[in-house]
1. Where does each of 12-24, 35-47, 52-64 land if you order them by average Cβ count within 10 Å, highest first?
2. Can you tell me the accessible area per residue over the chain, all protein chains present, probe 1.4 angstrom, in square angstrom?
3. Mind jotting down the distance between the C-alpha centroids of the range 7-44 and the range 51-69, whole Å?
4. Any chance you could run the full-extension gain for residue 18 through residue 43? It's 0.36 nm times the residue separation minus the Cα-Cα distance, nm to one decimal.
5. Among the DSSP beta bridges whose two residues both lie in the chain, what percent are antiparallel, rounded to the nearest 5?
6. Could you look at the chain and say what percent of its accessible area is carbon and sulfur, using a 1.4 Å probe and all protein chains?
Amino acid sequence: MNEITVHLNDATARLPADASLADALAAWQYADRRVAVAINGDFVPRSAYAGRTLHDDDRIDIVAPVGGG
């Protein structure tokens, strides 16, 4: 199986070569959470997650809101 290496919030992660952003978020247990995602510094709208294929060495930043006051 071919794999790629991506950088998730400054940590290294391995994924199948054909993984979409939606696949990765599911694998990382973010699928049901409200998050904002940027790939290589570009914001990715939620509507594009399934169609956005990840590539070797992509830098993925995931930000989740934190409640509090």
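1. 12-24, 52-64, 35-47
2. Ligands and nucleic acids excluded, the figure is 66 Å² per residue.
3. The range 51-69 and the range 7-44 have Cα centres separated by 5 Å.
4. 7.0 nm
5. Within the chain, antiparallel bridges account for around 90 percent of the total.
6. The computed percentage sits at 48.
The values are calculated or read from the model by the stated rules, or taken from the named source; none is laboratory data. Remember, predicted model here, so these are calculated numbers, not experimental data. Counting neighbours? That spans all protein chains shown, and the Cβs are built from the backbone with ideal geometry, glycine included. The accessibility values were calculated without ligands, DNA or RNA, using every heavy atom of the protein model including side chains. Shrake-Rupley method; radii C 1.70, N 1.55, O 1.52, S 1.80 Å.
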